[in-house]
Structures are given as C-alpha cells and as structure tokens.
Amino acid sequence: MKISTKGRYGLTIMMELAVKYGEGPTSLKSIAEKHQLSEHYLEQLIAPLRNAGLVKSIRGAYGGYILSKPAEEITSGDIIRVLEGPISPVDFTDEDDPAKRDLWVRIRDSIAGVLDSTTLQSLITFKDEGQTDNYMFYI
C-alpha cells in the first residue's frame, strides 16, 4: 500500500491544525506557504475532512479551519481512510488461496493497527531520538 500525496498532505494539514488547536482558526494559505504546497490542492483535501467531521470551517476575514475535537481523539487512520479510502494492500476478496488471503488480511490489519494507534497528538509531540532505519545491505 502506498500513501499518495492526498494522505501525506492531509496529515500535514491536520498536524498544523493540531499544533494551533485552541488558538483559533488557521488558514490554508498559511499552511500552504509554510510547507510550500499548493493552496488549491489543500482546498480539495480539506473538503472531505470537513465532511467527515474532522475539521470545522470558520468564515470571515480571520477565518480558516479548526479541529472538530482534540488532537488526542483523532488518529492518522481516521485521516488516511477519509482521503485514501479503505486500508488494504490488495483486493483479496477474489483470492482463492487461503494462505495468501491470510497474508493480505494480516498485512491490512497490521497497517490499520499502526495508523489507528497513532493520534495527531502523538505526531505533533514526536521527538526524534536520532534513530533511523537506514539499513545497508552488501551483496
């Protein structure tokens, strides 16, 4: 499963709103400028997030968007499902081989488990301890 720019930029929007939670609305223009993204593209992404009840829009000169609930109550799985659709590496409904079907189900469940256990709060308070998974393989 590959997360597209919709999911990645959607997480960016939501993380920015989480950082500003309780401080009033944040404009998409400010998020677009900070991350050098297309404001027009962010506008396309915010609509499904609003329709899903994850964000609220505030009208007016100082309007923008706010999270509809605290960052610790929104998971990355909530966001990815809204923007990317169901979490599944393959369409295994037609899979005849039970062993492969079981593999696809376990992969799907593992991905969903990570996404559903990662809140916006944990993303915005993440501290990089300098541990990177840069593996070097020699042949």
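The values are calculated or read from the model by the stated rules, or taken from the named source; none is laboratory data. Because the structure is a prediction, the values reported are computed rather than measured. Virtual Cβ from ideal backbone geometry, glycine too; neighbours counted across all protein chains shown. Note: areas computed on protein heavy atoms with side chains; ligands, DNA, RNA excluded. Shrake-Rupley method; radii C 1.70, N 1.55, O 1.52, S 1.80 Å.
The relative contact order of the chain, computed from alpha carbon pairs under 8 Å that lie at least 6 residues apart in sequence, is 28 percent. In this calculation the C-beta distance from Trp104 to Arg59 is compared with R0 = 41 Å, giving a FRET efficiency of 0.35. Taking all C-alpha pairs of the range 3-73, those more than 18 Å from each other amount to 29 percent.
Electrostatic bookkeeping for Val82 treats Lys and Arg as +1 and Asp and Glu as -1; over the other residues with beta carbon under 12 Å from its beta carbon, the sum is +1. Solvent exposure of the chain amounts to 67 Å² per residue of accessible area, where only protein heavy atoms count and the probe is 1.4 Å.
Largest first, what is the accessible-area ranking of Leu11, Leu83 with a 1.4 Å probe?
Working: Leu11 35, Leu83 15 Å².
Ranking Leu11, Leu83 by accessible area, largest first, yields Leu11, Leu83.
Relative contact order of the range 55-125, taken over Cα pairs closer than 8 Å and 6 or more residues apart, is 39 percent.
Between Lys29 and Ser122, the FRET efficiency from the beta-carbon distance, with R0 = 22 Å, is close to 0.20. In terms of Cα atoms, the Rg and Dmax of the chain work out to 17.7, 61 Å. For Met15, the shell of other residues with beta-carbons less than 14 Å away shows a net charge of 0, using +1 for Lys and Arg and -1 for Asp and Glu.
Using a cut-off of 24 Å between Cα atoms, the listed pairs Lys20/Lys69; Lys34/Lys127; Lys2/Lys29; Lys20/Lys56; Lys2/Lys56 include Lys2/Lys29; Lys2/Lys56 as exceeding that distance.
Explain nothing, just the number: dipole magnitude of the chain about its Cα centre with +1 on each Lys and Arg Cβ and -1 on each Asp and Glu Cβ, in debye rounded to the nearest 20.
560
When the chain is treated as a Gaussian network with alpha carbon springs shorter than 10 Å, the biggest mean-square fluctuation among Arg108, Arg50, Arg59 belongs to Arg59.
With a 1.4 Å probe and all protein chains left in place, how much of the accessible area of the chain comes from carbon and sulfur atoms, in whole percent?
Numbers: 4780 of 9300 Å².
Carbon plus sulfur share of accessible area: 51 percent.
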